[in-house]
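The values are calculated or read from the model by the stated rules, or taken from the named source; none is laboratory data. Only a predicted model underlies this, so the values are computations on that prediction, with no experimental measurement involved. Neighbour counts run over all protein chains shown; Cβ positions are idealised from the backbone, glycine included. Just the protein is used for accessible areas: all its heavy atoms, side chains included, with ligands, DNA and RNA removed. Shrake-Rupley method; radii C 1.70, N 1.55, O 1.52, S 1.80 Å.
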Amino acid sequence: MKMDNKLLEDLNEQVNREFYAAYLYFAMATYFTEINMEGFAKLTKNHAKEELDHAKRIYDYIILRDEKVNLLKIDAPDTNWNNPIDAINAALDHEKFVTDNIHRIYKTSKEKGDYPLEVFIQWFVQEQVEEEHLFQSMLDKMSHVQDCSCEIVNIDRELKLESNYVE
Ligand code: FEO
């Protein structure tokens with residue numbers, strides 16, 4: 001089934017948005033390493049790898065549909081975070097932006113009758129619920145402190161010990 005041109009364009013842009021997300025989380029890992037927050041650095045570096053996997057899933061899907069992958073320029077992320085809360089807020093904002101885009105692709109695939117894409121993109125719809133939850137729950141934990149206080153240091157220590165955050 002031939003893909004609608006606008007949907008294909010949007011899907012190619014989503015590949016770019018996922019690569020940008022990886023770039024953003026690598027930038028956050030750099031920031032957290034600079035301020036000696038190894039737990040947050042591990043978390044964000046691990047998350048960057050997930051974003052690369054998201055980009056690859058869509059990249060492979062475009063090829064599976066016998067369509068052309070169009071790799072676009074990746075912008076440099078804005079890294080002017082004043083504190084860890086600022087950075088995690090930026091992560092949540094970015095995930096909300098990605099969710100809006102995934103929802104639009106899902107909605108358009110339904111409207112255009114592209115049922116294979118509708119089914120494929122459902123994995124991302126669910127993934128976004130988990131991604132927003134990850135950063136929202138982290139912000140909730142951090143919300144009662146304003147800067148790199150001992151509370152945030154404790155959260156950092158917990159993250160560092162989490163076995164699922166691998167190098
Ligand atoms: Fe692939 Fe965090 O969105």
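Structure summary
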{"item": "Estimated inter-spin distance, E34 and E162, nm [label 7 Å along Cα→Cβ]", "result": "2.3 nm"}
{"item": "Using a Förster distance of 41 Å, the FRET efficiency for M1-V153 (Cβ separation, nearest 0.05)", "result": "0.15"}
{"item": "For the range 1-97: lysine pairs under 26 Å (alpha-carbon distance), excluding those fewer than 8 apart on one chain", "result": "19"}
{"item": "At q = 0.10, 0.11, 0.14, 0.21 Å⁻¹, base-10 log of I(q)/I(0) for the range 13-167 (Debye sum, equal scatterers on each alpha carbon)", "result": "-0.39, -0.47, -0.72, -1.35"}
{"item": "Surface share of carbon and sulfur [accessible, 1.4 angstrom probe, percent] for the chain", "result": "52 percent"}
{"item": "Potential extension, S137-D75 segment - 0.36 nm per residue separation minus Cα distance", "result": "19.5 nm"}
{"item": "Hydrodynamic radius (Kirkwood) for the range 76-163, which is based on Cα pairs only, to one decimal in Å", "result": "15.0 Å"}
{"item": "Label-point separation, D10 to K107 (7 Å along Cα→Cβ), nm", "result": "0.8 nm"}
{"item": "Label-point separation in nm, Q122 to D86, each point 7 Å along Cα→Cβ", "result": "4.2 nm"}
{"item": "Dipole of the chain [Lys/Arg +1, Asp/Glu -1 at C-beta], most positive-end residue of L159, N5, N36", "result": "N5"}
